[in-house]
1. Expressed in whole Å with the largest first, what are the equivalent ellipsoid semi-axes of the range 1-42 derived from the C-alpha gyration tensor as the square root of 5 times each eigenvalue?
2. Quick check: residue separation of Q68 and D110 times 0.36 nm, minus the Cα distance between them. What number comes out in nm?
3. Arranged by the count of other C-beta atoms within 10 angstrom, fewest first, what order do M144, M97 take?
4. Place a +1 charge on the Cβ of each Lys and Arg in the range 51-115 and a -1 charge on the Cβ of each Asp and Glu, then give the dipole magnitude about the Cα centre in debye, rounded to the nearest 20.
5. So what are the radius of gyration and Dmax for the Cα set of the range 2-112, in Å?
Amino acid sequence: MRSLTLTDTLEYYDVPQILTAVDATGTHYLCTLYEQTADCYHYLGVQISEPRLIAFTGGQLDLRDAYQHPEVDNALYLVEAKGDTLTAATLLQPSDMTEEMLPEAGYYYDATDLTDEAEHATDTYQLEVPARDRITFSTLIARMGWPAFSLRKTIGQVAAF
């Protein structure tokens, strides 16, 4: 059993449907609710790298594919939520997954669903980043989940100072 800490609730309908968590070693988990009992919520959880998690939250990775094609062997878990406790309780084999556990094919996360178009605002900032810090700046942009296309050529102009 691995104790998990909730990091984000991505989809919520009465209870968290899709969530992310992290264990004590910093390993990320993507979890999807598949069953609810009187005292426990059962999630299908998969260990997921930060770049792949960013791809999912950026709408570039199908949720079902994340479970059917995990990055490493022994990465699937039955995750249980009881009260405030979140636990990766049971290691699953791919053959243990049933159709009822898996999400529908073709689900791509869309964070824009979380905000109303009228309330969605974009701020523009100009930063002077030394050329030697270009990689650090690019890494920061990726970790913030900002799509690179939204920066256009500004990175090159900003990093050149």
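Taken together, the values in this text are just the output of simple stated rules run on the coordinates, not laboratory data. Please read these numbers as outputs of a predicted model, since none were measured by experiment. Positions of Cβ are backbone-derived with ideal geometry, glycine not excepted, and every protein chain shown enters the neighbour counts.
1. Details: eigenvalues 73, 33, 10 Å².
That gives 19, 13, 7 Å for the three semi-axes.
2. Working: separation 42, 0.36 × 42 = 15.12 nm, distance 2.04 nm.
Result for the pair: 13.1 nm of gain on full extension.
3. M144, M97
4. Working: 3 positive and 12 negative charges, 37 e Å.
Result for the range 51-115 is approximately 180 debye, rounded to the nearest 20.
5. Every Cα atom of the range 2-112 included, Rg and Dmax give 12.7, 35 Å.
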